[in-house]
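Working notes for the structure below.
Read-outs throughout are calculated quantities, based only on the coordinates presented, and are distinct from any laboratory measurement. Computed from a predicted model, the values in this text were never measured in an experiment. Methodologically, a virtual Cβ is constructed for each residue, glycine included, from the backbone with ideal geometry; neighbour enumeration extends over all protein chains shown.
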Amino acid sequence: MVSRNTSRQKPGGISPVGRGNSPRWLELHRSGELASRAERASGLAGDCRLCPRACHAARFRPGTHGLCGAVSPAEALVAASIPHFGEEPPVSGSRGSGTVFFGGCSLRCIFCQNHQISRLEDGCKIVRCDARELAGLFLELQRAGCHNLNLVTATPYLPSILEALGLAAADGFSLPIVYNSGGYESEETLELLESVVDIYLPDMKFGCPEQARLLCEAPEYVAVNRRAVAEMYRQAGLLELDSEGIATGGLIVRHLVLPSGLAATREVLEFIASRLSAEVHLSLMAQYYPAFRARELPGLGRPVSRREYREAELWLEEFGFTNGWVQQLEAEAHYRPDFSRGDPFSS
Ligand code: SF4
């Protein structure tokens, strides 16, 4: 994501600070609850049902990996760990969002723009990290001045991430946690994340089960995603910003407009406005380009047209959205991460 205009963010859209100075997960660490969540996550990973695929991989057995590519619950596959300046303005701020990109993914999107890491392709440097090493990465991002820790596609690695947070906290780590996911999360996993995550940053990719089946091999995505995002909203509420406009908690929903109406954008927006709130911060994204195997499906082989994107913007108005960002249509020409480089977003 290279640019967004903020013209939809009305002056009154900034919520008051309500969470104090330290993130809630530190309380869980102090009480011992964080360690017990790590154990529960590890229990789910043994016969893995950390995500809604529930592929039941026996991940403690050496050499076994899940449908998402995850291996032992004691290790996370890390593709990159960088201060990232391309997220939504309250997430990136001026010093960057401390972003850890994990390898593997339980969704199988045919158009995945991060396919190098989601499919664990040869040529990108994926590093196996245990909890101690992960904690080291978290601390490095804090030392770099990042505003938050941004965990991208983290669910398969929750056991080691939760343990790593505890280890890092013992060494002074105290950043708010951003949970950046495809929005495909199970109820059990979201229970583990309650009060651990400060800012939820899920996708709502599709509004139609048939399209979800065709495009990411998950016809249940729409129902699962709606339940998950509703739960994230219950846990975190509307976005809250500090006096400098940096996110301290809450929900931001991302929606990538696809060509040929394949994301069912209108249904997604209608759901958010009618079942959650039209005050939810919505990030409408235009950065689609036909990556990975997208050209195999009719309608996906081109960027979104100006007319299609305008239509989506009109739906935002129709449903009364008041907060968020509309990415500029030209973004598709700039958002081309390359995970074979140290910083996938450097040019
Ligand atoms: S997180 Fe990965 S290993 Fe676990 S259930 Fe989902 S796809 Fe399977």
- Distance from the Cα centre of the stretch 34-94 to that of the stretch 205-276, in angstrom? 21
- Distance between the stretch 116-156 and the stretch 300-337 - C-alpha centres, whole angstrom: 29
- Item | Residue-wise HN-Hα coupling along the stretch 279-288, computed from phi with Karplus coefficients 6.51, -1.76, 1.60 (Hz; x: Gly, Pro) | 8, 4, 6, 10, 10, 8, 10, 10, 7, 4
- Item | the chain - Rg and Dmax from Cα coordinates, angstrom | 18.8, 54
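Quick one: dipole size for the chain, taken about the Cα centre, charges +1 on Lys/Arg Cβ and -1 on Asp/Glu Cβ, in debye to the nearest 20. Please list the in-between numbers first.
Values: 35 positive and 41 negative charges, 107 e Å.
Using Cβ point charges on Lys, Arg, Asp and Glu, the chain gives about 520 debye.
Order these peptides, 149-155, 238-244, by their mean beta-carbon neighbour count within 10 angstrom, highest first. Let's see the in-between values first.
Numbers: 149-155: 25.3, 238-244: 16.6.
Those peptides, ordered most packed to least, come out 149-155, 238-244.
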- Query: Taking H as built 1.01 Å from N, whose amide H comes closer than 5 Å to the amide H of THR248, not counting residues under 5 places away?
  - Reply: GLU240, LEU241, ASP242
- Item | Loop trypsin sites (Lys or Arg not before Pro), the stretch 298-347 (other Cβ atoms within 10 Å of the site Cβ: 16 or fewer; DSSP) | ARG341
- Order by neighbour count: LEU137, LEU175, fewest other Cβ atoms within 10 Å first, most last. LEU137, LEU175
- With the charge dipole of the stretch 47-142 built from beta-carbon charges (+1 for Lys and Arg, -1 for Asp and Glu) about the Cα centre, the Cα from VAL91, ALA135, HIS115 projecting farthest to the positive end belongs to HIS115
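Of CYS48, CYS216, CYS208, how do they rank once you tally other Cβ atoms within 10 Å and put the fewest first?
Values: CYS48 24, CYS216 21, CYS208 18.
Exposure proxy ranking, most exposed first: CYS208, CYS216, CYS48.
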- Query: Long-range amide H contacts for GLY104: which residues qualify at under 5 Å (H placed 1.01 Å from N, peptide plane, sequence gap of 5 or more or a different chain)?
  - Reply: SER118, ARG119, LEU120
- Message: With both bridge residues required to lie in the chain, what share of the DSSP beta bridges run antiparallel, to the nearest 5%?
- Response: 40
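Quote the relative contact order of the chain in percent (integer), defining contacts as alpha-carbon pairs under 8 Å separated by 6+ residues.
On the way: 767 pairs, mean separation 71.5, N = 347.
About 21 percent, as a whole number.
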- Name the residues whose placed amide hydrogens come within less than 5 Å of the amide hydrogen of THR99, ignoring near sequence neighbours (fewer than 5 apart) on the same chain. ILE82, HIS84, ASN150
- How large is ³J(HN,Hα) for each residue in the stretch 24-32, as worked out from phi by the Karplus curve 6.51 cos²θ - 1.76 cosθ + 1.60 (θ = phi - 60°), to whole Hz, x for Gly and Pro? 5, 5, 5, 5, 5, 5, 5, 7, x
- Karplus 3J(HN,Hα) series, Hz, for the stretch 182-189 with 6.51 cos²θ - 1.76 cosθ + 1.60 (x for Gly, Pro): x, x, 10, 10, 8, 4, 4, 5
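What is the order of VAL71, VAL100, fewest Cβ neighbours within 10 Å to most?
Numbers: VAL71 20, VAL100 26.
Starting with the residue having the fewest Cβ neighbours, the order is VAL71, VAL100.
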